[in-house]
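Comments concern the structure below.
The values are calculated or read from the model by the stated rules, or taken from the named source; none is laboratory data. Nothing here was measured: the structure is a model prediction, and the numbers come from that model. Note that we place each Cβ from the backbone using ideal geometry, even for glycine, and neighbour counts take in every protein chain shown.
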Amino acid sequence: RYSTAAALEEPIKPPVNVEYTKLLINGQFVDAASGKTFPTLDPRTGEVIAHVAEGDAEDVNRAVAAARKAFDEGPWPKLTAYDRQRILLRFADLVEKHNDEIAALETWDNGKPYEQAAKIEVPMFVRLMRYYAGWADKIHGMTVPADGPYHVQTLHEPIGVAGQIIPWNFPLLMYAWKVGPALACGNTVVLKTAEQTPLSALYVTKLLHEAGLPSGVLNVVSGFGPTAGAALCSHMDVDKLAFTGSTETGKIILELSARSNLKPVTLELGGKSPFIVCEDADVDNAVELAHFALFFNQGQCCCAGSRTYVHERVYDEFVEKATARALKRSVGDPFRQEIEQGPQVDSEQFEKILRYIRAGVDSGATLETGGDRLGEKGYYIKPTVFSNVQDDMPIAKEEIFGPVQTILKYKDLDEVIRRANSTRYGLAAGVFTQNLDTANTLMRALRAGTVWINCFDTFDAAIPFGGYKMSGQGREKGEYSLKNYLQVKAVVTPLKNP
Ligand code: ADP
């Protein structure tokens, strides 16, 4: 049963005040050069939380100049690796200390359940920062055997000024995935946050300066994609770009890089990830995991298990139980305890999801439950389940990014492998089976950057994450992420007396 009442009740007052709304450039909070601001809204009500300085090209220029100076003249890349490590560790301690305020800001700006922000995401942020801090003094070059009398070595050096553009679904975690490795490797950064969720990044970056970060090393510009974001991508003094967001915007980013200075780009883009329930599955457990795989974070995950393929032998039972589970999902004010689902992030996403739901009905899928907004106010959507979904329906092909589960039926393993892979995306896949041979077959056959077997959304700091095909380029997290922020210099010296 939806907590309809909860969605309609007066919103709970968030246990935090908004302190930081300006741009953070060269260690100082400053107004936008234009003096402009934009409102950031509470997704529970659509009301204004705060007016935030709106950065555009001129502010990006200022931020890049500060980052450039901090890189070229120091002190950042010239500090010892141990010094950089200690700043990141102190930062992690400060974030840990302010766990609850930071979580409250994240929930207020994004709409995600407070319990999730406070107990999972902020602690994960801290864990990620400690993880990357650990790498700072463990970056080694090599000595290389060459033909002839030469001593050859490689230096692994920071690339320079990194431009980083992040989305709104996990503002803090996306910050950690990007800022962590960039700073650990000795780069300086200009970060462009998502216009829907600018607040938490400003708060934590203030703490990062308290932890001892020198001015100019990390600059945060709030603002919009086509203005601030595009200016960062086109900038001739930015040496590297990292982006998480939609595949459509990813293409623009790559193009802007190519047209300016060919800065290398890492991309983490959209997905339409299969979650495959095999014929031997324990249906109750499969239902629960598939539900989590899709509905977690209001369905706003790039790796959401958004095509639930269920073997025909267990299909009917699965659909019935998945529907019952969705009906039980508690939706309401994300500041309330025991709430599993808050509102979608903004009216644009909300409308887009409702359009997809209508498209699902129009294309002949069976709407088992949900299908509509919840309450009159804010961006709440009823947990929605479609059965009898066909591969060519828009709800089975396109990224909905909302609480809409699409259940498809299959007969055998070869068929489901072919169907699971027939997408331009390749971010993640889920497999649910007790059969080792089935798990091994699927794990190797699925064309995706992550395959979760009998689990989903297991995100550890050390596990690499990224996409095959149009889901992205490069890997974040883990040791692999360091490659994005280092370049290799080969140094060759002749040996006089080999
Ligand atoms: P979504 O549709 O989920 O908002 P986007 O890919 O549009 O995803 O947004 C992700 C991030 O990319 C945000 O920070 C946004 O401001 C930024 N962005 C959007 N358009 C552009 C663009 N043309 N150039 C650079 N950044 C952009």
Would you check if there is a residue in the stretch 157-175 being of a type in the set (S, T, N, Q) and within 10 Å of the ligand (Cβ to nearest atom)?
yes
Counted residues in the stretch 291-328 being out of contact with any Lys or Arg (no Cβ under 9 Å at 6 or more places or on another chain), in contact (Cβ under 8 Å) with a residue 60 or more places away in the chain and not β-branched (Val, Ile, Thr) come to 11
Let me spell it out: the conditions are (1) assigned to a helix (DSSP H, G or I); (2) within 14 Å of the ligand (Cβ to nearest atom); (3) among the small types (Gly, Ala, Ser); (4) under 16 Å from the mean Cα position of the chain (by Cα), and ALA194 meets all of them except one. Which number is the exception?
(1)
Show the residue pairs that are 6+ apart or on different chains and have beta-carbon atoms under 8 Å apart, the first residue being within the stretch 225-251 and modelled with pLDDT under 95, the second being near the ligand (Cβ under 9 Å from one of its atoms) and among the charged types (D, E, K, R).
none
Quick one: in the stretch 222-248, which of the residues that are among the β-branched types (Val, Ile, Thr) and near the ligand (Cβ under 10 Å from one of its atoms) is farthest from the chain's Cα centre (by Cα)?
THR227
Condition check: β-branched (Val, Ile, Thr), assigned to a strand (DSSP E or B) and either crowded, with 17+ Cβ neighbours inside 10 Å or more than 26 Å from the chain's Cα centre (by Cα) (or both). Does THR21 satisfy that?
no
For the stretch 319-343, how many residues are of a type in the set (Gly, Ala, Ser) and surrounded by fewer than 15 Cβ atoms within 10 Å (Cβ to Cβ)?
1
Is it the case that GLY299 is on the phi < 0 side of the Ramachandran plot, within 14 Å of the ligand (Cβ to nearest atom) and modelled with pLDDT of 95 or more?
no
Given LYS251, LYS263, which one is within 16 Å of the ligand (Cβ to nearest atom), surrounded by 21 or more Cβ atoms within 10 Å (Cβ to Cβ) and over 25 Å from CYS455 (Cα atoms)?
LYS263
Within the stretch 270-318, take every residue that is among the hydroxyl-bearing types (Ser, Thr, Tyr) and buried (at least 24 other Cβ atoms within 10 Å of the Cβ) and give me the one that is nearest to GLY467 (Cα to Cα).
SER273
Taking only the stretch 1-46 into account, find how many residues are modelled with pLDDT under 95 and of a type in the set (Phe, Trp, Tyr).
1
So which pairs qualify, if the first residue must be in the stretch 346-359 and more than 13 Å from THR384 (Cβ to Cβ) and in contact (Cβ under 8 Å) with a residue 24 or more places away in the chain, the second must be more than 12 Å from the ligand (Cβ to nearest atom) and part of a helix (DSSP H, G or I), the Cβ gap must be under 9 Å, and the two must be at least 6 apart or on different chains?
GLN349/GLN298
Within the stretch 61-73, identify whether any single residue is farther than 24 Å from LYS240 by Cα and surrounded by fewer than 23 Cβ atoms within 10 Å (Cβ to Cβ), and answer yes or no.
no
ALA420 vs (1) small (Gly, Ala, Ser); (2) farther than 13 Å from VAL277 by Cα; (3) not in a loop (DSSP other than H, G, I, E, B): all pass except (2)
Take the conditions in contact with a strand residue (DSSP E or B) (Cβ under 6 Å, 6 or more places away or on another chain) and either within 16 Å of the ligand (Cβ to nearest atom) or in a helix (DSSP H, G or I) (or both) and apply them to LEU256. Does it pass?
no
Subset of the stretch 412-440 that is hydroxyl-bearing (Ser, Thr, Tyr) and either touching a residue at least 60 places away in the same chain (Cβ under 8 Å) or buried (at least 22 other Cβ atoms within 10 Å of the Cβ) (or both) - its residue that is nearest to ILE463 (Cα to Cα):
TYR425
Under 26 Å from GLU255 (Cα atoms), modelled with pLDDT of 95 or more, among the small types (Gly, Ala, Ser) and crowded, with 20+ Cβ neighbours inside 10 Å - does that describe any residue in the stretch 201-216?
no
What residue, among those in the stretch 344-396 that are of a type in the set (Asp, Glu) and within 16 Å of the ligand (Cβ to nearest atom), is surrounded by the fewest Cβ atoms within 10 Å (Cβ to Cβ)?
GLU348
Can you find a residue that is surrounded by fewer than 20 Cβ atoms within 10 Å (Cβ to Cβ), in contact (Cβ under 8 Å) with a residue 24 or more places away in the chain, farther than 26 Å from GLU115 by Cβ and of a type in the set (S, T, N, Q) anywhere in the stretch 397-411?
no
Answer yes or no as to whether VAL179 is within 16 Å of the ligand (Cβ to nearest atom), assigned to a helix (DSSP H, G or I), buried (at least 23 other Cβ atoms within 10 Å of the Cβ) and among the aliphatic types (A, V, I, L, M).
yes
